[in-house]
């Protein structure tokens with residue numbers, strides 16, 4: 001009497017799924033650790049270049065304004081509303097429907113953040129006046145902050161679209177690019193901070 005054959009194909013899927021989860025978690029952990037290290041190095045470079053100077057105050061205020069809007073449009077309501085719908089479309093409907101939804105979201109987000117960026121550049125002086133009341137008695141610092149705010153506002157467009165793309169990639173289980181994107185963000189930012197030193201000379 002022959003022994004019954006045992007199929008080993010069924011348990012492979014859960015095992016492969018567990019391995020994928022562990023691999024993705026490890027990748028995200030390494031990327032997060034690398035991003036934090038480079039962020040710490042970035043802060044060290046910033047402190048060395050600026051110190052406690054009016055230029056540093058202007059940089060931090062100007063950098064904070066588009067980041068607040070990024071949290072609202074890119075990493076806030078937009079991601080919370082779009083990603084679950086995209087995942088549902090990709091799972092239950094055709095890929096064409098999912099990519100049409102992504103295209104519509106991309107176009108809508110681009111239109112919104114471009115309009116906000118243009119308004120922000122035009123109204124930078126008023127925004128800085130409201131958010132930095134301590135600069136009212138220092139016209140030079142106020143002017144520098146306004147200039148830096150205008151220069152940094154286009155950052156909102158690119159970081160918002162990047163956040164949308166990262167959400168789509170995470171939905172498709174492509175974790176490498178979204179995980180390592182903060183690493184590639186911190187390194188160029190650290191280099192650019194050396195260029196801001198020219199503003200501290202004029203202050």
| field | Subset of the stretch 119-145 (residues that are assigned to a helix (DSSP H, G or I), surrounded by 13 or more Cβ atoms within 10 Å (Cβ to Cβ) and free of Cβ contacts under 8 Å to residues at least 24 places away in the same chain) | value | 125, 129, 142, 143
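Yes or no, residue by residue, for (1) at pLDDT 80 or above; (2) surrounded by fewer than 16 Cβ atoms within 10 Å (Cβ to Cβ):
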{"site": "19", "(1), (2)": "no, yes"}
{"site": "42", "(1), (2)": "no, no"}
{"site": "48", "(1), (2)": "no, yes"}
{"site": "52", "(1), (2)": "no, yes"}
{"site": "65", "(1), (2)": "yes, no"}
{"site": "75", "(1), (2)": "no, no"}
{"site": "81", "(1), (2)": "no, yes"}
{"site": "86", "(1), (2)": "yes, no"}
| request: Report whether or not residue 182 is in contact with a helix residue (DSSP H, G or I) (Cβ under 6 Å, 6 or more places away or on another chain), surrounded by fewer than 21 Cβ atoms within 10 Å (Cβ to Cβ), closer than 30 Å to residue 91 by Cα and without any contact (Cβ under 8 Å) to a residue 24 or more places away in the chain. | output: no
| Does residue 190 satisfy the condition of being modelled with pLDDT under 85, over 29 Å from residue 86 (Cβ atoms) and out of contact with any helix residue (DSSP H, G or I) (no Cβ under 9 Å at 6 or more places or on another chain)? | no
| message | Could you go through the stretch 153-175 and let me know if any residue there is buried (at least 16 other Cβ atoms within 10 Å of the Cβ) and closer than 16 Å to residue 57 by Cα. | response | no
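The values are calculated or read from the model by the stated rules, or taken from the named source; none is laboratory data. Since the structure is predicted, the reported quantities are computational estimates derived from the model, not experimental observations. Neighbour counts run over all protein chains shown; Cβ positions are idealised from the backbone, glycine included.
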